[in-house]
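Have a look at the structure below, then the notes.
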Amino acid sequence: MIVCANFKANKTRQETQAYMAVVESFVSANDISDTIIVFPPYTALEHLSRNVLIGVQNAYPVRNGAYTGEIALEQLEEFDIKTILIGHSERRHIIGETQEQIAAKFRFFAEQGFVIVYCVGEPLAIREAGHDALMDYIDKQFDGIDLNYSDLIIAYEPVWAIGTGLTPSNSDIEQVHRELRSKTAAPLLYGGSVKTDNAGEIMALENVDGVLVGSAALSANDFCEMIVQASELNG
Ligand code: PEP
């Protein structure tokens, strides 16, 4: 299983250090073999971890240069960061990243050999238009994306489920994941209002290989509880 925490614009550097201390010692004390990834804010990046992968929530697809307000490959290399989140719905819908920009970012970081957690997911109006409309929408989010990339992880995150407390039914998650599985061998995560109450049940669904968690992962103890739920599903 793969269990990811996306902090978004939450937590200071100090809070992130305290969080990582809890999660790292939990992972080693409990011999966790699952892949654990934490995406802290840029200001908290450092050589934070030995047994938890640290990724960035975004970066500009260049080595360095005149891109005010961005960070790029050179800044990530300083901290040995080789994992990136691309295509998150907050970047698509709030920041306004286009599929073209997202695909360019994907190509650049794939060429650099990054682990890419690539997010797709539909807004509510598309979900309400039915399953075919939903899958057409997701297909367009794969424009320019190499679904055979070896270090690809896909996260299916319905936009209407992110931070709302709403989740699709288990059978709706399974239906989308079944179709995603027919397109790619990459691990498939579900994200959108996952919490300690539903993480185990969702991870047990067919073709669900883990979860990407926002708000509920801000508590290190709750995140550890979800890691336990993932590890209980092994073997
Ligand atoms: C996310 O931002 O990727 C996410 C899934 O958020 P939340 O868990 O808060 O819905």
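The values are calculated or read from the model by the stated rules, or taken from the named source; none is laboratory data. Note that the structure is predicted; figures quoted are calculated from it, not measured. All Cβ positions, glycine included, derive from the backbone under ideal geometry; neighbour counts span all protein chains shown. Accessible surface is based on the protein model in full, side chains and every heavy atom, while ligands, DNA and RNA are left aside. Shrake-Rupley method; radii C 1.70, N 1.55, O 1.52, S 1.80 Å.
Any idea which residue in the stretch 95-149 is least open to solvent (accessible area, probe 1.4 Å), counting only those that are of a type in the set (A, V, I, L, M) and more than 19 Å from residue 186 (Cα to Cα)? Steps first, answer last, please.
So in the stretch 95-149, the residues of a type in the set (A, V, I, L, M) come out as 95, 102-104, 110, 115-117, 120, 124-126, 129, 133-135, 138, 145, 147.
From what's left, more than 19 Å from residue 186 (Cα to Cα): 95, 104, 124-126, 129, 133-134.
Working: 95: 105, 104: 36, 124: 83, 125: 75, 126: 44, 129: 70, 133: 32, 134: 3 Å².
Once the filter is applied, the top-ranked residue is 134.
Counting residues that are within 14 Å of the ligand (Cβ to nearest atom) and more than 16 Å from residue 224 (Cβ to Cβ), which strands (runs of 3 or more DSSP E) fully inside the stretch 1-87 reach at least 2? Full working, then the answer.
Values: elements: 2-6, 35-39, 83-86.
Of the strands (runs of 3 or more DSSP E) lying wholly inside the stretch 1-87, those with at least 2 residues that are within 14 Å of the ligand (Cβ to nearest atom) and more than 16 Å from residue 224 (Cβ to Cβ) span 83-86.
Residue 218 is checked against (1) of a type outside the set (Asp, Glu); (2) surrounded by fewer than 18 Cβ atoms within 10 Å (Cβ to Cβ); (3) over 17 Å from the mean Cα position of the chain (by Cα); (4) farther than 20 Å from residue 116 by Cβ and fails just one. What number does that condition carry?
For residue 218, the failing item is (3).
Taking residue 9 as the residue in question, decide whether it is aliphatic (A, V, I, L, M), within 18 Å of the chain's Cα centre (by Cα) and surrounded by fewer than 20 Cβ atoms within 10 Å (Cβ to Cβ).
Values: aliphatic (A, V, I, L, M): yes; within 18 Å of the chain's Cα centre (by Cα): yes; surrounded by fewer than 20 Cβ atoms within 10 Å (Cβ to Cβ): yes.
For residue 9, the condition - aliphatic (A, V, I, L, M), within 18 Å of the chain's Cα centre (by Cα) and surrounded by fewer than 20 Cβ atoms within 10 Å (Cβ to Cβ) - is met.
It is to be established whether one or more residues within the stretch 150-168 are away from the ligand (no atom under 16 Å from the Cβ), over 22 Å from residue 53 (Cβ atoms), open to solvent by 60 Å² or more (accessible area, probe 1.4 Å) and modelled with pLDDT of 95 or more.
Initial filter on the stretch 150-168 (away from the ligand (no atom under 16 Å from the Cβ)): 150-152.
Cutting the leftovers down to over 22 Å from residue 53 (Cβ atoms) gives us none.
No, because not a single residue in the stretch 150-168 is away from the ligand (no atom under 16 Å from the Cβ), over 22 Å from residue 53 (Cβ atoms), open to solvent by 60 Å² or more (accessible area, probe 1.4 Å) and modelled with pLDDT of 95 or more.
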